[in-house]
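J.: Below you will find the structure I want to go over with you.
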Amino acid sequence: MIRVDAATVLLQWAAGGLFFLWFTTRRRVVGVGYGWLLRGTYLLLAVAAAAAGFQFGVVPVREASSIAVASAAFVALLVSVVRRKAGVSGQTDEHDRRSERVAAMTGIERGVAQRHGGHEFPPVLDLMAPLLAIPGLVAASYDAGGNLFVSLLRTFAGAAFLGSVTDAMLLGHWYLVQPGLPRRHLNDLVRALGFVWPVEIIALLLPIGMFSVWSGSVNDGWGGQLGWFWAACAITTMVLVVVTKAALKERYYSAVMAATGLLYLAILTAFGTDLVARAILAG
């Protein structure tokens with residue numbers, strides 16, 4: 001089956017978010033502040049996951065994993081702060097390219113970005129936390145009971161689903177801070193969300209899953225209405241992903257802001273997709 005378990009959901013969210021943070025930072029283009037924001041956010045979620053586990057029902061491996069994820073996120077955050085003056089090489093290169101293009105078009109020379117010595121933050125550190133989350137997510141899947149393959153698929157797909165939609169929305173906002181950031185990075189996250197979505201839906205449809213709600217084998221307490229609400233959330237999420245992709249094809253900068261607004265809505269429907277299914281199937 002599946003459980004509505006705050007400790008597991010928070011660990012999933014932190015692990016998925018930190019994985020897709022690495023997915024973005026590995027390009028070495030997004031500014032250091034974006035990493036600070038996400039590492040700090042997911043560090044707190046991992047701490048909350050451990051606290052919820054100790055408070056509401058301990059799964060030792062899961063709680064140990066949550067603490068390890070929080071520790072790894074803290075180390076990555078600390079290293080990124082210590083090495084902040086080195087900046088991000090790709091961001092600096094992008095600034096120089098844009099400056100050269102403006103100079104060629106206008107004849108006005110613009111200075112290149114100042115480069116500081118020292119080593120910049122290694123993005124591989126962002127991958128350590130999600131790797132440390134794997135034992136905890138496996139333990140949580142085993143503890144949920146039922147078919148272990150289905151439980152594992154739901155747990156890991158849910159982590160990727162929640163992490164990708166959250167990071168996409170936050171990266172969309174980061175374009176206000178870093179306006180020259182190429183759109184391909186947001187496009188990559190939205191595309192990843194589009195790939196994860198069908199896996200999440202299939203995992204929640206597998207028996208005993210949402211088909212059982214519609215057939216009446218699982219009682220949702222509302223005469224099947226919650227099952228249809230789940231379907232609406234699932235379909236709307238994919239529609240929003242498609243529309244977001246279309247918005248990002250527009251040339252104007254306002255298209256990024258429109259895409260970010262759509263991703264706000266996608267977070268609501270994505271969490272509805274995951275959490276409503278958990279609530280129904282746990283019953």
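J.: Could you please report the charge total around residue 53, scoring K, R as +1 and D, E as -1 over all other residues with beta-carbon less than 11 angstrom from its beta-carbon? Write out the running numbers ahead of the final one.
T.: Values: positive: 62; negative: 5, 63, 143.
Around residue 53, the charge tally is -2.
J.: Using only the alpha-carbon atoms, how far is helix 60-82 inclined from the longest principal axis of the chain? Give it as 0 to 90 degrees, nearest 10.
T.: The answer is roughly 10 degrees.
J.: Taking the convex hull of the alpha carbon atoms in the stretch 1-65, what volume per residue do you get, in Å³? Please list the in-between numbers first.
T.: Values: hull volume 5.5 nm³, N = 65.
Residue-normalised Cα hull volume stands at 85 Å³.
J.: Summing -39500 (n - 2.57) over the DSSP H runs of n ≥ 4 in the chain and dividing by its residue number, what mean residue ellipticity at 222 nm do you reach, to the nearest 500 deg cm²/dmol?
T.: Values: 10 runs with 217 residues, N = 283.
Dividing the helical sum by the residues of the chain leaves -26500 deg cm²/dmol.
J.: Further, regarding this structure: Would you kindly work out the equivalent ellipsoid of the chain from its C-alpha gyration tensor and give its semi-axes, the square roots of five times the eigenvalues, largest first in whole Å?
T.: Numbers: eigenvalues 288, 114, 27 Å².
Listed largest to smallest, the semi-axes of the chain are 38, 24, 12 Å.
J.: Which shape class, rounded, prolate or oblate, goes with the stretch 198-249 when its Cα gyration tensor gives a ≥ b ≥ c as root eigenvalues, a/c under 1.5 marks rounded, and past that a/b bigger than b/c marks prolate?
T.: It comes out oblate by the Cα gyration axes.
J.: Based on the mean of other beta carbon atoms within 10 Å per residue, what is the order of 218-224, 204-210, most packed first?
T.: On the way: 218-224: 14.4, 204-210: 18.3.
Peptide ranking by packing, descending: 204-210, 218-224.
J.: Between 0 and 90 degrees, rounded to the nearest ten: what's the tilt of helix 6-25 against the longest Cα principal axis of the chain?
T.: It is inclined by approximately 30 degrees.
J.: Normalised by the number of residues in the chain, what is the relative contact order in percent for Cα pairs under 8 Å and 6+ residues apart? Show your work: numbers first, answer last.
T.: Details: 417 pairs, mean separation 67.2, N = 283.
Value for the chain: 24 percent.
J.: Okay, next question. Output the peptides 259-268, 140-149, 14-23 sorted from most to least packed, where packing is the average of other Cβ atoms within 10 Å over each peptide's residues.
T.: Sorting 259-268, 140-149, 14-23 by mean packing, highest first, produces 14-23, 259-268, 140-149.
J.: Just rank 65, 215, 80, fewest to most, by other beta-carbon atoms within 10 angstrom.
T.: Values: 65 27, 215 10, 80 23.
Starting with the residue having the fewest Cβ neighbours, the order is 215, 80, 65.
Values quoted throughout were computed directly from the atomic coordinates according to the rules given, and no laboratory measurement underlies them. Source: prediction; values computed, not measured. For neighbour counting, all protein chains shown are included, and Cβ atoms are generated from backbone atoms with ideal geometry for every residue, glycine included.
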